[in-house]
Amino acid sequence: MPIKIFSHQADPDGLGCIILGKKCFDEVDYTLCKNVPDLDYKLDKFITNEEYLNYEKIFITDLCPSIDLLDKILNNEKLSSKVTVIDHHISNLEKTKEKDYSFVNINLDGCATSLFYDYLKKHWALILPDKTLKEFVELTKLHDTWKWKEVNNLDAYHLETLLHKLGTIGYLNHFVDKLDFVSRHFKYTDEEEKWIKEQLEEEQKYLDNLLKRVIYKKMDKINYGIVYGLYNYRNILSDKLRENKSCDVLIFIAVDNETISFRSISDIEVKSIAHDFNGGGHDKAASCSLNHENERKIIEKFLS
Ligand SMILES: [Mn+2]
């Protein structure tokens, strides 16, 4: 029977989990989700239509369903025996500690791809000790935990650059092919280096334009930068603002992904800001969905 993976879309960590799944199991179906409400919606349909009966195992990676959906899984024995949630977001750790959801694994030490890798190795013994795959997981972790900056590992940063260049499906297919179990060091090919260079040039142009469109507003001693932009630029812009120290918190409204991202530019914690909008995430990077109510609240608070 095939394996099903629900994962976080549009970042190397969420996609890394699907790539691992595809390297380990013969038959994998996957569903990409923008955020928790999107996951809840898709998962609810999957449960109601009894699609889970067609799968041997169901993984939910880099995201965790809401309590309503977790309870729905918990109360369905057939389903809960198949589900494993692998996540590393602190807000999900807080929300799941009330009850004993034995199928939920949240570990703050790592990223979803590295946790999924360890899980597969331990419980399924399916991952070969492959050097390239292991290094790919390490790079994904460096990228997702922002440690790549400390150690100046541009290979890790360029996973995201390649994702922007190739698009979600292109990235998945490319890395499933590249990680071919011919054990050698992970290294970008000349073609990949060319893609990275082209993408970085394009991103620089868009970024220059975006920087001019940021609106700054000071409230309660915190300087906010607010902008509408393409989702792929949320981290690129926050890196730039961090260099310039131009605000404390970035509020990035991405219409193309229907999300609002909150990024800490100085030392302000942003998870609680996302909480006010029914979102969540990490202390320095959090998000919520871009729905009518949240957009109205942002406009009233910061843009009027
Ligand atoms: Mn992640």
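No lab work stands behind these numbers, since they all come straight from the coordinates. Computed from a predicted model, the values in this text were never measured in an experiment. Cβ coordinates were reconstructed from backbone atoms using ideal geometry, including for glycine residues, and neighbour counts include every protein chain displayed.
Whole-Hz Karplus values for segment 42-52 come out as 6, 5, 4, 5, 4, 6, 4, 7, 6, 5, 4 Hz, taken residue by residue from phi with 6.51 cos²θ - 1.76 cosθ + 1.60 and θ = phi - 60°; glycine and proline positions read x.
Think of each Lys and Arg Cβ as +1 and each Asp and Glu Cβ as -1; about the Cα centre, that makes the dipole of the chain roughly 520 debye.
Peptides 130-138, 67-75 ordered by packing proxy, namely the average of other Cβ atoms within 10 Å per residue, highest first: 130-138, 67-75. For I268, no residue whose modelled amide H falls within less than 5 Å of its own remains once neighbours fewer than 5 places apart on the same chain are excluded. Beyond 21 Å between alpha-carbons counts as too far, so tell me which of K95/K297; K205/K301; K165/K245; K95/K240; K218/K284; K95/K221 fall in that bin. Table pairs above 21 Å Cα-Cα are K95/K297; K205/K301; K165/K245; K95/K240; K95/K221.
Positive end of the dipole of the chain (Cβ unit charges, origin at the Cα centre): among L133, Y157, G21, the Cα lying farthest that way belongs to Y157. With R₀ fixed at 51 Å, the C-beta to C-beta distance from L211 to N76 puts the FRET efficiency at about 0.55. Remark: the V255-D109 segment gains 49.4 nm on full extension, using 0.36 nm per residue and subtracting the alpha carbon distance. Once the Cβ-Cβ distance of N153 and I222 is raised to the sixth power relative to R0 = 41 Å, the FRET efficiency obtained is 0.85. Indicate the gyration tensor shape class of the chain (rounded, prolate or oblate), computed on the Cα atoms with a ≥ b ≥ c the square roots of the eigenvalues: a/c under 1.5 is rounded; otherwise a/b larger than b/c is prolate and the rest oblate. Oblate shape, in that a/c is at least 1.5 and b/c is the bigger or equal ratio.
Counting neighbouring beta carbons within 10 Å and listing from fewest to most, the residues I90, I298 come out as I90, I298. Positive-end ranking of L230, A112, F186 along the dipole of the chain, with charges on Cβ about the Cα centre, is headed by L230. When the Cα gyration tensor is reduced to axis lengths a ≥ b ≥ c, the ratio a/c is 1.5 or higher for segment 186-304, and with a/b above b/c it is classed as prolate.
For the pair L53 and N278 in one chain, pulling the backbone fully straight at 0.36 nm per residue adds 77.8 nm over the alpha carbon distance. Once the C-beta distance of D44 and E269 is scaled by a Förster radius of 41 Å, the resulting FRET efficiency is 0.85 to the nearest 0.05. Using a simple spin-label model with pseudo-atoms 7 Å out from Cα toward Cβ, W146 and K194 lie 3.5 nm apart.
E27 to M1: extension gain in nm, 0.36 nm per residue of separation minus the Cα-Cα distance?
Here the segment from E27 to M1 would lengthen by 8.6 nm.
Going by how many other Cβ atoms sit within 10 Å of their own, how do E192, E201 line up, fewest first?
E201, E192
How would you order 97-108, 219-230 from highest to lowest mean count of nearby Cβ atoms within 10 Å?
Details: 97-108: 14.5, 219-230: 16.0.
With the highest mean Cβ count within 10 Å placed first, the list reads 219-230, 97-108.
Ellipsoid semi-axes for segment 1-142, based on the Cα gyration tensor and the rule √(5λ), read 23, 17, 14 Å when sorted largest first.
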